[in-house]
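FYI, it's all coordinate maths here, none of it is from the lab. Everything numeric in this text was worked out from a predicted model, so none of it was measured. Don't worry about glycine lacking a Cβ; one is built from the backbone with ideal geometry, like all the others, and counts go over all protein chains shown.
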Amino acid sequence: MQYIHFAVIAMLSYAFVPPLVRIASATPDGMPAAVVSFYTNLLLVIGSLAVVVASGDSLTGYISHGKMVYVLAAGIALTVGILSYYEALSLGPVSIVTPIFGLFLVISSVIGFLLLAEPVTAQKVLAIGFAALAIILVTVE
């Protein structure tokens, strides 16, 4: 269950992204959201490259891999999602934008059930329902 450690690290790290992006991009004196996105994701690319190099993996060896179509589709979805998220953060409050964005967790879970045949239990359905309800309650003014 080593993935739990990485999930916790991701959660703790990512918790700082929305407020920092909001501070950097809030109008009128902020940077454009796309510029903020570029620089934050440039750091992501540099970090990813460092991990690939340190692990001895090959970037070019996977270009023709059969799963590359999924990588490209994920990249397109990530690009649209992050650019839209950063723009929303530049325009609106973190306390509303982030929970709406966070609904991707609920939607991703449902996709996991429907398309990846992950096990569905009453507890999971109830938890996802509560998560969705909590997000709705947080964002409605």
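Tabulated data
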read-out: Cα shape, segment 43-110, gyration tensor, a/c 1.5 rule; value: prolate
read-out: Per-peptide average of other Cβ atoms within 10 Å, ordering 68-78, 106-116, 23-33 highest first; value: 23-33, 106-116, 68-78
read-out: Contact order relative to length of the chain, as percent, for alpha carbon pairs under 8 angstrom and 6 or more apart; value: 28 percent
read-out: Residue 46-residue 72 pseudo-label distance in nm [points 7 Å out on the Cα-to-Cβ vector]; value: 2.9 nm
read-out: Span-rule helices in the chain, defined as complete DSSP H runs reaching 27 Å or more along the axis (Cα) with Kyte mean at least 0.0; value: 33-55, 68-91, 94-115
read-out: Estimated 222 nm signal from helices in the chain, with DSSP H stretches of n ≥ 4 weighted -39500 (n - 2.57), rounded to 500; value: -26000 deg cm²/dmol
read-out: Options 25, 111, 39, ranked by Cα towards positive dipole end of the chain, top entry (Cβ charges); value: 111
read-out: Shape call, the chain: gyration tensor on alpha carbons, a/c limit 1.5; value: oblate
read-out: For segment 93-141, convex hull volume per residue from C-alpha positions, Å³; value: 55 Å³
